[in-house]
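For reference, the structure discussed in these notes is given below.
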Amino acid sequence: MEIPPAPTPEVPGVKPLVVAVDMGYGHLRAARPIARALGVEITLVDRPPLVGPDELKVWQRVRTAYEWTSRASQVPYLGRPFRWALDSVTDIPHLHPYRDLSAPTRGVAALDRMVRRELGKGLVARLRETGAALVTTFYSPAIAADAAGLEKVWCVVTDSDINRVWAPLDAAHTGIRYLVPSPRAGRRLRSYGVPEDKVSFTGFPLPHELVGGRDLPVLRRNLAERLVRLDPAGTFRRDYREELAQFLGPLPAGEEGSPPTLTFAVGGAGAQAELAQQFLPGMRGPIEEGKLRLVLVAGVRTAVEARFREEIQLAGLEGSLGQGLEILRAGSLEEYFERFDALMARTDALWTKPSELSFYAALGLPLVFARPVGVHERYNRRWARESGAGLVQRDPGAAWQWLSDWLEDGTLAGAAWSGFTRLPKHGLYRILDEITNASEKGTG
């Protein structure tokens, strides 16, 4: 089955500038489908030529501190102080009872000072020179453009709940148009003072290659195949046969008996790569017996790949590389995203921390969650679990035992179905509609 061509909306005038930051994969992963659909490249707002030497040093310090703290926070026992530090930076107050949360935090005030000291100066100059609209998946470019009085500014939110720093100091008078992946993120922005007409619920921009268009042809095909592999005993398919037939049609009999593919993906900072040491030995039997396929995703980090290879050797699984066991490590971010999306089309369960990949549950991918890194990831995990699409990992050393139980009783198949039926899948197309419609009206 060929993938339908990606939508190419006609945006009057100059095409929007799509920007992100190179801090983990999340903001880039959200920006990529939008940029591809608009026919533009992603512009990194934390890299030259948009930043000068002084601003570049600021971004480098922030990036290094974030990645180091993320990895250190996952160290057993010794990582507790770093988890506390990360949580304090990413803290999100309880939403209920509803109340006014618009008072600026220290982070908001600090960002406002940096903007007044010309953070984002190069970006603002580019936007003024070209007259382009701004579409950003990180908050600071939107806030810098808004402070400069620019009107055509969209901010794509990349978590199910967010810190106060996503909204500017005077949130009630912002011109930023927020595109949110969850209703809760919209409620949160309104509690921060952002006007209701500046917030639109779209869903997360999932890759067109994994959705296929508004009728979801690729998503439906992948899900139909996945449900057969995730339900070897037919438990789930018997219980939901009418619903499956209505939404997916006949399920592919050719997938009967095919082993499921489990993908383990660490974060962009390399956090939680050490889990492989715990679960690989127990998976040797099922991999060698053809009961399980396993893919370890190292992203673009050679150090993470080296760690995986070391643990594979210690687990006695070297002979299974290329035969039920794979490592995905790419030489560039673009290659990584291409290969990762292709991998998701054949993945049956995704084991990862609750990052932006939480939104991939809408593709009918059951999620197994490792420990969250930061408060925002705790909310992502809760969002997916409350929708029935996410499960929390149990003892990694016994991973195959609880995974095989979930296969036998249809738990993973049920999580896949819940993600497909309950979570928004049209985020990319809704975001493109928002940009196109506003551009046609000549407003931001």
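The values are calculated or read from the model by the stated rules, or taken from the named source; none is laboratory data. Just so we're clear, the structure is a prediction, and the values are computed from it rather than from any experiment. A quick note on method: Cβ atoms are made from the backbone with ideal geometry, for glycine too, and the neighbour counts reach across all protein chains shown.
A few notes on this one:
- Taken over segment 248-290, the criterion of being out of contact with any Asp or Glu (no Cβ under 9 Å at 6 or more places or on another chain), without any contact (Cβ under 8 Å) to a residue 40 or more places away in the chain and within 29 Å of VAL218 (Cβ to Cβ) is satisfied by LEU248, GLY249, PRO250, ALA253, GLU256, GLY257, ILE287, GLY290.
Quick grid of which residues meet (1) in the same structural domain as PHE359 (by TED's automatic domain parsing); (2) surrounded by 20 or more Cβ atoms within 10 Å (Cβ to Cβ); (3) modelled with pLDDT of 95 or more; (4) under 13 Å from ALA362 (Cβ atoms):
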{"site": "LEU179", "(1), (2), (3), (4)": "no, yes, yes, no"}
{"site": "SER182", "(1), (2), (3), (4)": "no, yes, yes, yes"}
{"site": "ALA185", "(1), (2), (3), (4)": "no, yes, yes, no"}
{"site": "ARG188", "(1), (2), (3), (4)": "no, yes, yes, no"}
{"site": "GLY193", "(1), (2), (3), (4)": "no, yes, yes, no"}
{"site": "GLU196", "(1), (2), (3), (4)": "no, no, yes, no"}
{"site": "THR202", "(1), (2), (3), (4)": "no, yes, yes, yes"}
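- Taken over segment 384-399, the residue count meeting the criterion of being outside any helix (DSSP H, G or I), hydrophobic (A, V, I, L, M, F, W, C) and closer than 23 Å to ASN222 by Cβ is 2.
- ALA132 vs. criteria among the aliphatic types (A, V, I, L, M) and in a helix (DSSP H, G or I): no
- Residues that are of a type outside the set (A, V, I, L, M), outside any loop (DSSP other than H, G, I, E, B) and touching a helix residue (DSSP H, G or I) at 6+ places or on another chain (Cβ under 9 Å) within segment 168-190 comprise ARG177, TYR178, ARG184, GLY186, ARG188, ARG190, listed in sequence order.
- Considering segment 107-133, the residues that are within 28 Å of TYR379 (Cα to Cα) and not hydrophobic (A, V, I, L, M, F, W, C) include one that is surrounded by the fewest Cβ atoms within 10 Å (Cβ to Cβ), namely GLY107.
- Of the residues making up segment 400-418, those that are at negative phi and either among the hydroxyl-bearing types (Ser, Thr, Tyr) or in a loop (DSSP other than H, G, I, E, B) (or both) are SER404, ASP409, THR411, SER418.
For every residue, the table says whether it meets (1) without any contact (Cβ under 8 Å) to a residue 60 or more places away in the chain; (2) surrounded by 20 or more Cβ atoms within 10 Å (Cβ to Cβ); (3) closer than 28 Å to PRO97 by Cα.
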| position | (1), (2), (3) |
| --- | --- |
| VAL135 | no, yes, no |
| TYR139 | yes, yes, yes |
| TRP166 | yes, yes, yes |
| GLU209 | no, no, no |
| LEU230 | no, yes, no |
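- Residue that is nearest to the chain's Cα centre (by Cα) [pool: residues in segment 319-357 that are part of a helix (DSSP H, G or I) and under 14 Å from LEU296 (Cβ atoms)]: PHE340
- Residues located in segment 16-39, provided they are part of a loop (DSSP other than H, G, I, E, B) and modelled with pLDDT of 95 or more: PRO16, GLY39
- As a summary of the residue check, TRP406 satisfies the conditions (1) modelled with pLDDT of 95 or more; (2) buried (at least 18 other Cβ atoms within 10 Å of the Cβ); (3) within 30 Å of VAL40 (Cβ to Cβ) except for the one numbered (3).
- The set of residues in segment 304-318 that are over 13 Å from PHE279 (Cα atoms) and outside any helix (DSSP H, G or I) is empty.
- Across segment 324-367, the number of residues qualifying as of a type in the set (Phe, Trp, Tyr) and either in the same structural domain as ALA30 (by TED's automatic domain parsing) or within 13 Å of ASN222 (Cβ to Cβ) (or both) comes to 1.
- Just one of the listed residues (LEU50, LEU86) is of a type outside the set (Asp, Glu) and either at pLDDT 90 or above or more than 25 Å from GLN272 (Cα to Cα) (or both), and it is LEU50.
- Yes/no for LEU123 being modelled with pLDDT of 70 or more and part of a loop (DSSP other than H, G, I, E, B): no
- Failed item, numbered, when ARG346 is tested on (1) modelled with pLDDT of 95 or more; (2) charged (D, E, K, R); (3) in contact with a strand residue (DSSP E or B) (Cβ under 9 Å, 6 or more places away or on another chain); (4) buried (at least 17 other Cβ atoms within 10 Å of the Cβ): (4)
- Within segment 321-342, the set of residues being over 17 Å from ALA276 (Cβ atoms) and either of a type outside the set (D, E, K, R) or touching a Leu at 6+ places or on another chain (Cβ under 8 Å) (or both) comprises GLY322, GLN323, ALA330, GLY331, SER332, LEU333, TYR336, PHE337, ARG339, PHE340, ASP341, ALA342.
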